[in-house]
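Just below is one structure, and these are the notes that go with it.
Coordinate-derived values only; no laboratory data. None of the values given here were measured: they were computed from a predicted structure. All Cβ positions, even for glycine, are placed from backbone atoms using ideal geometry, and neighbour counts span all protein chains on display.
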């Protein structure tokens, strides 16, 4: 009991340190830029926490961050370094748009959404399986192939939204805008805080159960712990790795679908090149220590961080990229904290055999 | 030519310089590994340092070689206090070490390995001088060697000789050998001990670490016994009997295995017929029968791993020449951290990996019943006396012996048809070794067929029913116990019959 | 004769395009041979870009800019080194964190620069020692060539090269031979950072004379692919960089020459990555790199 208590205390300490470093780091940088921290804090509280609406707006990003985080977390847990969330996200987004605009079958809005999500999930999984196949049959390093596929995905999706899936009514490189009936219902009016967030949370809990209570999850963790031993113990490692790729890509593809169907309602070229949910998903996963509930917390943390920096940007003209800088900082601190936690719990247990 | 860092000049010392440790203590991950050791090593003698695995011998040697610092105490050389902050410092005082797992980089050629060790540039002149020097040393010891080939081609015994020569070539006046006979066949052991005698007579100081008392008896002039990090005896070898040594090593009278019933071999569980491990190897034939321990003796690296790998692979995809009649195969692999346990997962998880698809711990669709899982783990922990505070501890935190117990508990808790064990007592102290062999014998008594691949001939002979010898990917049956130990040694080395 | 002009232009662009890849690749090659893979090279290059640009626009001196770029990237690389080598955190993960920090920091600094009107470089900053023609290359090209050759010589013919290979393949054996494994790795990683910073400075100050957010555009990741593709040798790396430079140059020319009227431009922009992927596929089976890549040392038992 003592051991679990002290390990819980130590984990909370690391979490507290991470948050503190982020907040203090941000405050420090604000100070450097010449604004008093109190003004900054007031701007943040005002812009994010003051009303349910502003909070909801800030938390709009939770759905894609959480899902991309789950994508990276489930893959890393199994020892598959899938950094391709970016490309898988985009494939999912474009699939959803294709199904909802250019290739829209007749039917009610909710049906389109469901079909779109399913198709997007498949598209993301398929894109990830490209990397998986390259690893399995050509021995290509996962990290590199997924990163390269990200860039290829950008090119492909750009072409798709300019060409076949583009909006015929304009020459701008973008898809048509979703009809009102085809959008994800919003939970708080005037915001984009849509039901997808709930779905994402449900999926996070679901993944937690699968990872810890099913044979599939156990085998993934075995592979992540020691792939050679897992193979010796009967886990069909190559096949399971492919399953992991598919699962990871599925999460990311769904994230893309939700983002287009719930927040932006269309897909443009600047959105394709500018968004970075895939990479942020990796950061979220690491910050959450690859644990599904940790990923939820980390996603919320990042979303609030983004919202705060946006508020600062509006009020105090602070640079927007501050958010990324602070996220990176938080991540490094979390990594070091995690290493420290590992080490301090690794006391050798003495004893004659 | 970019200048390479040269070895710092050696420190001249008188021939009678004594290397000594004073009050040396060290902890290892919070546990005391050495406690106030005082020892002196006189030149011209072979000093045996004896203890079980985990007694602290390696830690002491690492301190003497500069690989780690003592937490307390100091080292003296010729009466002067010295600080050995790294192996380089040790080399300057002429201390050379031959490690248990040789300090060679397998992907580099032998010449490159020498450069690595000796810190000289690759100029032609240097390399030739080096080669001559080493050849001269080898001749002194009565060895004939070929050092021009790549590392991978040399046998283990040859590699060890090269390591010794390397240490000597670096001006080594004090030679530390860490369990050098663990990897050798009996004749090679004889050669090594003879060579050490020659070196000692020439005035060098030899530190010989071992846990085999028979060797201490044969060649050591003094013996120091470590137990749980404490020095429990030190003095001339003649002044203590082997039985006393054993007692002091373990702390109690040595355990013997319970006498076992004669083997009653049953049906065959494994039939290997005409299996070729490499395209040009002699085909292998092997039969393992129930109720019998079939042991394969041999020096590590002669194809044993390939054979085991083939047998294990047969479980997933049929391999020609192998016929496996076993439903449940228990495997205790050689490298437990690599192939048998997942260090970051809990003891409970590790105990039940094999059974993860079986009810009642797992339902049809893969749902795991954690409650029953933990219960079963608790039972196994108790049954096999695994020393751990709970089942939730990470396996990586357990000692080597307890990790092996986890593996054995997992594999042998349910009756198996075939048990394959490869070097199962590696790194274990006597109590754990005893435990492992007892469980293997229990499996045998329960009717399993046991295939034991072991590199320690003495341990192997203590429980084997049938012995085969593996050399150069060829398996030769023997008529042990009719076949003598010397004969086994010959087969292990591949020495052809007609040698006088 | 216009073919000659085009060919010359293409060759020039090839060499110019290969420079940042080769420079960053030199350092990363040595670090990887010693067993440390730095996915954050992209971020380090970007750091070099912004640091170099900022100092160049502030001071107008190219040498100070280069120094600043190398220093900034070196510091970030040192952080990476400490976290991965001494705290033994996973290298890939830490590398991604470095990328994130670099993107955020560079974007922040760029906005600050823009706000202060410092977002332009004085014309004429540069250093091109040799005249027109194919060899009208920035001075860094020659330095890159020399560095590549030195790296190759180092690895194959000196004791340092043997030590690096030993550290990457069998760090236990290296340590037993008295080599301070972690110190070497630290030094090589920081060195890789210095080179990456230099490459970044080249991109912003010397070639483009400007800064664009995320201007490294995945070249850092390409460096990783090229090191693997070159099978961890300097010669292979050099060849790969040339190949890449050529592909980029050719695809740019095709776009400029109007091929986009019948081939969508995305085919061209995506081409280098597809080729990189194919290149990785081809080296299948010979992808045996340093044995302990991404494995912290000493191992936890």
Per principal axis, largest first, the Cα atoms of the protein assembly as shown extend in Å by 98, 72, 63
A student asked for the Cα radius of gyration and Dmax of segment B:340-413 in angstrom ought to give 11.5, 36
Exposure proxy check: B:89, B:323 ranked by fewest other beta carbons within 10 Å? B:323, B:89
Extending each Cα 7 Å along its Cβ direction at residue B:18 and residue A:53, get the distance between those two points in nm, one decimal. 9.1
What's the long-distance tail for segment A:172-273, i.e. % of Cα pairs beyond 24 Å? 44
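Suppose we keep just the DSSP beta bridges with both residues in the protein assembly as shown; what percent of those would be antiparallel, to 5?
Counting DSSP beta bridges with both partners in the protein assembly as shown, the antiparallel share is about 50 percent.
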For chain B, take the longest principal axis of its alpha carbons; what is the angle in degrees between that and the long axis of helix B:370-383, to the nearest 10 within 0 to 90? 60
Using only Cα atoms, what is the ratio of the radius of gyration of segment B:19-250 to 2.2 N^0.38 Å? 1.00
Under 14 Å from a label point 7 Å along Cα→Cβ of residue B:187: give me every residue in segment B:454-489 with its amide N that close. B:471-472, B:485-489
Computed [θ] at 222 nm, deg cm²/dmol, chain A (DSSP H ≥ 4; -39,500 (n - 2.57); rounded to nearest 500): -23500 deg cm²/dmol
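Could you sort B:409-415, C:219-225 so that the peptide with the highest average Cβ count within 10 Å comes first and the rest follow in order?
Most protected by this proxy first, the peptides run C:219-225, B:409-415.
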Distance from a point 7 Å along Cα→Cβ of residue B:274 to each backbone N in segment B:300-331: keep the residues under 13 Å and list them by number. B:320-322
For chain C, find the longest principal axis of its Cα atoms and tell me its angle to the long axis of helix C:234-256, 0 to 90°, nearest 10. 30
Can you give me the Rg/Rh ratio for chain B, using Cα atoms for both radii and the Kirkwood formula for Rh? 0.99
If A:68, A:117, B:220 are placed from fewest to most neighbouring beta carbons inside 10 Å, the sequence is A:117, B:220, A:68
Angle between chain B longest axis and helix B:400-412 axis [Cα atoms, degrees, rounded to 10]: 20
Once R0 is set to 22 Å, what does the formula 1/(1 + (r/R0)^6) return for the Cβ-Cβ distance between residue A:268 and residue A:179, expressed as a FRET efficiency to the nearest 0.05? 0.80
If r is the Cβ-Cβ distance from residue A:19 to residue C:61 and R0 is 41 Å, what FRET efficiency results, to the nearest 0.05? 0.50
Provide a whole-number value for the mean count of partner chain Cβ atoms within 10 Å of the Cβ atoms in peptide B:341-353. 4
Enter the mean number of other protein chain beta carbons within 10 Å of the beta carbon of each residue in C:164-174, as an integer. 5
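Take every Cα pair under 8 Å in segment B:340-413 that's 6+ residues apart, average their separations, divide by the length, and report that relative contact order as a whole percent. Could you put the intermediate results ahead of the total?
On the way: 89 pairs, mean separation 33.3, N = 74.
Normalised by residue count, the contact order of segment B:340-413 is 45 percent.
Which order do the peptides A:267-276, B:75-84, A:228-237 come out in when sorted by mean C-beta neighbours inside 10 angstrom, highest first?
Packing proxy ranking, top to bottom: A:228-237, A:267-276, B:75-84.
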Over 36 Å [Cα-Cα, chain A], rounded percent: 24
Ranked by how many other beta carbons lie within 10 Å on average, peptides C:187-193, A:191-197 from highest: C:187-193, A:191-197
Sticking with the crude label model, points 7 Å out along Cα→Cβ, report the distance from residue B:482 to residue B:260 in nm, one decimal please. 2.1
Which distance in nm do the two modelled labels at residue B:135 and residue A:342 give, with both placed 7 Å along the Cα-to-Cβ direction? 5.0
Per-residue mean of other chain beta-carbon atoms within 10 angstrom of the beta-carbon, peptide B:389-402? 4
Between residue C:145 and residue C:261, take the C-beta separation as r, use R0 = 35 Å, and let me know the FRET efficiency to the nearest 0.05. 0.40
How big, in percent, is the set of alpha carbon pairs in chain C lying more than 31 Å apart? 29
Give me the extension gain from residue B:217 to residue B:27: residue separation times 0.36 nm, minus the current Cα-Cα distance, reported in nm with one decimal. 65.4 nm
